[in-house]
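Participant: Submitted below is the structure of interest, expressed as structure tokens.
The values are calculated or read from the model by the stated rules, or taken from the named source; none is laboratory data. Since this is a predicted model, take the numbers as computed values, not measurements. Note that we place each Cβ from the backbone using ideal geometry, even for glycine, and neighbour counts take in every protein chain shown.
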Amino acid sequence: MPLDEQALGQKLKASFDAGDLPGLHGAIVDLRGRRLAEVYFPGADERWGEPVGYRNHGPDTLHDLRSISKSVVGLLYGIALAEGRVPAPEAPLYPHFPQYPDLINEPGRDRIQIRHVLSMQMGLEWDESLPYNDPRNSEIAMEMAPDRYRFILEQPIREAPGRTWNYSGGAVALLGKLIEYGSGMTLDAYAARKLFEPLGIGRFEWVAGDDGEPSAASGLRLTLPDLAKIGGLVVDRGVYDGRQIVPAEWLDASFKPRATINEFIQYGYLWYVKESVACAVVMGVGYGGQRLTVDRSAGLVVASFAGRYNDPDSWQTPIKMLFDFAVPEAQRLLST
């Protein structure tokens, strides 16, 4: 590896040693297929909320993606849609869960379409602002419910769909179930066959709840190099090794802003979107500092794992890494 491509990794290590990147477990930076940095650091970790102790993280370590799982489900939904296995975004939601006829017939629920689920604008009550060890958190309550899908679908209507973005792991659970219904396969089995195997990803885990249902919203575990592969797939418009794995038109639809989160960030179909004149960045973001950031215009992929699961400022670690290190270094290499 040329020395100029080692500089970024050295800077990341020096910054970690200086205490500027607390809790970071690993980071990969790729630029147009070139690996600019791949670094790993030891630290305490969890498996879907359960402590697993101190780990010497490396390229073969499976790690929680947490809510980056949602963005992966978005890719899977696009694959299933191209196969005709799941309803289109314009389709109504509730008729695809006919086992709940009482909910189907409730006034107002007929207005909720699949596109509202994909963009987290269902208009139903849902609150994940509490810690994820609090049973009042809606995702935790869903996991504890005797029927997670009824729990999601019976939530009170708070407003018309499409008005407000409201973060919802329940929305993703519904999409995962629709993939299962249409494919006849569990979500993890479908992911293995349609996404992971074509990418050469042989090791993964999709943690299931007590009811045996894979947690679509937060249960996926991958190695860091394999998460970076998914970022490369996004850069290459769904193509890997000459094969179209995710339809390019689905990626375009997923990265189109559908909802405004704040003045800086918007939301597409299960991906965060930040567009400007200089860049077109899409992000998968997971609790504890997990991050997959892709600048499609520059061909830049930054994948990172961290262990700051109970730290409200954990989202800052990957942002600092991306903007303080990766982007300037990528710009320098692009200009040479």
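Participant: Which condition number does HIS25 fail, the rest of (1) at pLDDT 95 or above; (2) surrounded by fewer than 21 Cβ atoms within 10 Å (Cβ to Cβ); (3) assigned by TED's automatic domain parsing to the domain that holds PHE325 being met?
Facilitator: (2)
Participant: Could you tell me whether ARG296 is touching a Phe, Trp or Tyr at 6+ places or on another chain (Cβ under 8 Å), buried (at least 18 other Cβ atoms within 10 Å of the Cβ) and touching a residue at least 60 places away in the same chain (Cβ under 8 Å)?
Facilitator: yes
Participant: Additional query: Are there any helices (runs of 4 or more DSSP H) wholly within segment 66-140 with 1 or more residues that are of a type in the set (Gly, Ala, Ser), and if so which?
Facilitator: Correct list: 68-82.
Participant: Mind checking whether some residue in segment 223-236 is more than 24 Å from MET142 (Cα to Cα), in a loop (DSSP other than H, G, I, E, B) and without any contact (Cβ under 8 Å) to a residue 60 or more places away in the chain?
Facilitator: There is at least one residue in segment 223-236 that is more than 24 Å from MET142 (Cα to Cα), in a loop (DSSP other than H, G, I, E, B) and without any contact (Cβ under 8 Å) to a residue 60 or more places away in the chain.
Participant: At pLDDT below 95 and assigned by TED's automatic domain parsing to the domain that holds HIS116: does that describe GLU213?
Facilitator: In short, yes.
Participant: Given the criterion touching a helix residue (DSSP H, G or I) at 6+ places or on another chain (Cβ under 8 Å) and surrounded by 17 or more Cβ atoms within 10 Å (Cβ to Cβ), identify the matching residue among GLY209, GLY219, GLY231, GLY202.
Facilitator: Residue meeting the stated conditions: GLY219.
Participant: Continuing with the same structure: Got a sec? Which of LYS274, LYS256 is in a loop (DSSP other than H, G, I, E, B), free of Cβ contacts under 8 Å to residues at least 24 places away in the same chain and under 18 Å from the mean Cα position of the chain (by Cα)?
Facilitator: LYS256
Participant: Would you say VAL301 is touching a residue at least 24 places away in the same chain (Cβ under 8 Å), in a strand (DSSP E or B) and over 24 Å from GLN113 (Cβ atoms)?
Facilitator: Judged against the criteria, VAL301 is a match.
Participant: Out of everything in segment 35-56 that is more than 21 Å from the chain's Cα centre (by Cα) and over 17 Å from GLN10 (Cα atoms), what residue ends up being surrounded by the most Cβ atoms within 10 Å (Cβ to Cβ)?
Facilitator: Across segment 35-56, the extreme among qualifying residues is GLY43.
Participant: Also, quick follow-up: When you scan segment 22-54, how many residues do you find that are of a type in the set (Phe, Trp, Tyr) and part of a strand (DSSP E or B)?
Facilitator: Qualifying residue count for the region: 2.
Participant: Right, next: Might you let me know whether segment 11-21 holds any residue that is buried (at least 23 other Cβ atoms within 10 Å of the Cβ) and assigned to a helix (DSSP H, G or I)?
Facilitator: yes
Participant: Could you grab me the full set of residues in segment 147-183 that are touching a residue at least 60 places away in the same chain (Cβ under 8 Å) and not in a helix (DSSP H, G or I)?
Facilitator: THR164, TRP165 - these are the residues of segment 147-183 that are touching a residue at least 60 places away in the same chain (Cβ under 8 Å) and not in a helix (DSSP H, G or I).
Participant: Just one of the numbered conditions (1) at pLDDT below 95; (2) surrounded by fewer than 21 Cβ atoms within 10 Å (Cβ to Cβ) is not true of GLY242; which one?
Facilitator: Evaluating GLY242 over (1) at pLDDT below 95; (2) surrounded by fewer than 21 Cβ atoms within 10 Å (Cβ to Cβ) leaves (1) as the failure.
Participant: Out of the residues in segment 107-151 that are within 20 Å of the chain's Cα centre (by Cα) and β-branched (Val, Ile, Thr), state the one that is surrounded by the most Cβ atoms within 10 Å (Cβ to Cβ).
Facilitator: Restricting to residues being within 20 Å of the chain's Cα centre (by Cα) and β-branched (Val, Ile, Thr), the top hit is VAL117.
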